[in-house]
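Chemist: Here you go, one structure.
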Amino acid sequence: MNPPYTFPRNFVWGFATAAPQIEGAAFEDGKGESIWDRVAHTTDRIHNHDTLDVACDHYHLYKTDFALMRKLGAKHYRLSLAWPRIYPQGRGAVNQKGVDFYHRLIDSMLAHGITPWVTMFHWDLPQALEDEGGWRVRGVAEAFATYADTIVREYGDRVKNWITLNEIVCFTRLAYGGIDKAPFTNEGEKVVNQTYHHAILCHGHGVRAVREHGGRGARVGLTDNPTVPIPLSETKEDIAAARTAFIQNNTRIFEPIFHGRYATDYLRKAGADRPIWEKGDFDLISLPTDFLGLNLYTGEFVRAGKGGRPEVVPFTPNYPCADSPWLKLVPEALYWGPRWASEIYGAKAIYITENGAGYDDQPPVNGEVLDVHRRNYVRACLKELHRAIQEKVLVKGYFLWSFMDNFEWQDGYNRRFGVVYTDFVTQKRTPKLSAQWYSRVMAENRLV
Ligand code: NOJ
């Protein structure tokens, strides 16, 4: 008998990061300003006024970072490319130095035996595009189409796994709807719905670009962070209610991408705030993909209310959470998220493109960071994922967020998600207890 919690053969294990959070070199070699550079330098929205200028200095330290990644045994790595490094103005002239940087980066990764999984867009919109209206205007999709064509043509001979966009809700609703992401504007529902529409249009262009220029063996999918309803109890009634909630929660993205239309119910409720679309948009938006990426950190508990209707059970103030207050510890999301996505939308191959926990870890003591709390949460999540796999949900891989502590958006450098500790003054990397543990998990393909 296999030891308990063994994962399928060929299961993909890796780490995840994103360009703006680790690269630094924010204004080097011709890189343009991103909307996050702008808010970091001109507002007080970011904890401690931290900027992305240096971050983990991965731009200069990538070789030693890949050596460490390899030493820990990772064979797969999800990274993103910085749009403003390739097109400093978002469109128009290409920045050759930026293009060359990613050639070197990809070559180095491959030389270390690490397979790249490239996200085209991870929130760092070129500021020049924001000045034209950003995600509010359709022009963003034209600019993205060219950017996607360029990067797939440049790197497609070596990059075979492409992710179009990361977490649409975070650069649409949370960004333009007055919550906590750049550009931190507060606009009405009509604008927000329109930003979603332009985002899914970009996803379509990403898929198209990979089909047109990706070459043999190229695969593409979206990474989304659906809100995952967890049935409060595993009774028929609560399960049915949670299932309905999943559909309702994720209507702006999954419905158009998997079914090629907006649901009538969504359009009816949105009324005059519904987005505007053009003929042909849904053909592009619903182009078939090869996999679905899910970023899963948390969930919400749902029970059957009146008439079986879903009712969210609010978290009480003492419900356990990581140091990131939004990160309620709900490992069950790793079971129910993949299950809903495959049961409801027929997602065939699912990759967990992010999972992890944000804690304010203290600097190493005698070379050790004993983040048992992070390790325990990740292990609990992986047990739930294992259950989904046992029940034949087609989960093919898992990327831990994150390889190293990095720029955690509005929380700056205080909030750490890495399994490798980053000293942001010396740039020294120290693998934490969770890294040592994860290294064993990857090597043995099972929970230890
Ligand atoms: C999701 C985002 O994709 C990533 O950029 C972020 O750092 C992590 N979640 C943790 O908040």
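Chemist: Can you find a residue in region 275-291 that is touching a residue at least 24 places away in the same chain (Cβ under 8 Å), within 16 Å of the ligand (Cβ to nearest atom) and not hydrophobic (A, V, I, L, M, F, W, C)?
Modeler: no
Chemist: Name the helices (runs of 4 or more DSSP H) wholly inside region 1-72 in which the number of residues that are within 16 Å of the ligand (Cβ to nearest atom) is 3 or more.
Modeler: Those helices (runs of 4 or more DSSP H) span 19-22, 35-42.
Chemist: Would you be able to tell me the number of residues in region 177-198 that are out of contact with any Phe, Trp or Tyr (no Cβ under 6 Å at 6 or more places or on another chain) and not in a helix (DSSP H, G or I)?
Modeler: Residues meeting the conditions: 9.
Chemist: Would you check which residues across region 120-161 are in a strand (DSSP E or B) and farther than 22 Å from GLN96 by Cβ and list them?
Modeler: ASN161
Chemist: In the set THR289, THR298, which member is closer than 30 Å to PHE15 by Cβ, in a loop (DSSP other than H, G, I, E, B) and open to solvent by 40 Å² or more (accessible area, probe 1.4 Å)?
Modeler: Exactly one of THR289, THR298 is closer than 30 Å to PHE15 by Cβ, in a loop (DSSP other than H, G, I, E, B) and open to solvent by 40 Å² or more (accessible area, probe 1.4 Å), namely THR289.
Chemist: Considering only residues that are touching a Gly at 6+ places or on another chain (Cβ under 9 Å) and among the β-branched types (Val, Ile, Thr), look in region 28-70 and name the one that is most open to solvent (accessible area, probe 1.4 Å).
Modeler: Checked region 28-70; the qualifying residue most open to solvent (accessible area, probe 1.4 Å) is VAL54.
Chemist: What are the residues in region 75-94 that are of a type in the set (A, V, I, L, M, F, W, C) and out of contact with any helix residue (DSSP H, G or I) (no Cβ under 9 Å at 6 or more places or on another chain), if any?
Modeler: ALA93
Chemist: A follow-up question, please. Are there any pairs with C-beta distances below 7 angstrom linking a residue in region 396-424 that is modelled with pLDDT under 95 to a residue that is away from the ligand (no atom under 12 Å from the Cβ) and open to solvent by 10 Å² or more (accessible area, probe 1.4 Å), with the two at least 6 apart or on different chains, and if so which?
Modeler: Filtered contacts from region 396-424: ASN414/HIS47; ASN414/ASN48; ASN414/ASP360.
Chemist: Going through LEU174, LEU267, LEU201 one at a time, which residue ends up being at pLDDT 95 or above, under 17 Å from PHE121 (Cβ atoms), open to solvent by 10 Å² or more (accessible area, probe 1.4 Å) and outside any strand (DSSP E or B)?
Modeler: Testing whether each residue is at pLDDT 95 or above, under 17 Å from PHE121 (Cβ atoms), open to solvent by 10 Å² or more (accessible area, probe 1.4 Å) and outside any strand (DSSP E or B) leaves just LEU174.
Chemist: If a residue has to be over 19 Å from PHE15 (Cβ atoms), of a type outside the set (A, V, I, L, M) and open to solvent by 20 Å² or more (accessible area, probe 1.4 Å) to count, how many in region 109-138 make the cut?
Modeler: 5
Chemist: Another question, then. Filter region 32-57 for residues that are of a type in the set (Ser, Thr, Tyr) and touching a strand residue (DSSP E or B) at 6+ places or on another chain (Cβ under 7 Å) and give the result. Before the answer, list the steps.
Modeler: First, the residues of region 32-57 that are of a type in the set (Ser, Thr, Tyr): 34, 42-43, 51.
Selection gives SER34 alone.
Chemist: Please specify each residue of region 71-108 satisfying the condition of being among the β-branched types (Val, Ile, Thr) and either open to solvent by 10 Å² or more (accessible area, probe 1.4 Å) or touching a Leu at 6+ places or on another chain (Cβ under 7 Å) (or both).
Modeler: VAL94
Chemist: Anything in region 276-309 that is within 22 Å of ARG261 (Cβ to Cβ) and among the aliphatic types (A, V, I, L, M)? List them, or say none.
Modeler: Across region 276-309, the qualifying residues are ILE276, LEU284, ILE285, LEU287, LEU292.
Chemist: Give, as residue ranges, the strands (runs of 3 or more DSSP E) completely inside region 332-431 that count at least 3 residues that are open to solvent by less than 30 Å² (accessible area, probe 1.4 Å) and within 14 Å of the ligand (Cβ to nearest atom).
Modeler: Values: elements: 350-354, 395-401, 420-422, 429-431.
Filter on region 332-431 gives 350-354, 395-401.
The values are calculated or read from the model by the stated rules, or taken from the named source; none is laboratory data. Since the structure is predicted, the reported quantities are computational estimates derived from the model, not experimental observations. So basically every Cβ, Gly included, is an ideal-geometry build from the backbone, and we count neighbours across all protein chains shown. These accessible areas exclude ligands, DNA and RNA; they are computed on the full protein's heavy atoms, side chains included. Shrake-Rupley method; radii C 1.70, N 1.55, O 1.52, S 1.80 Å.
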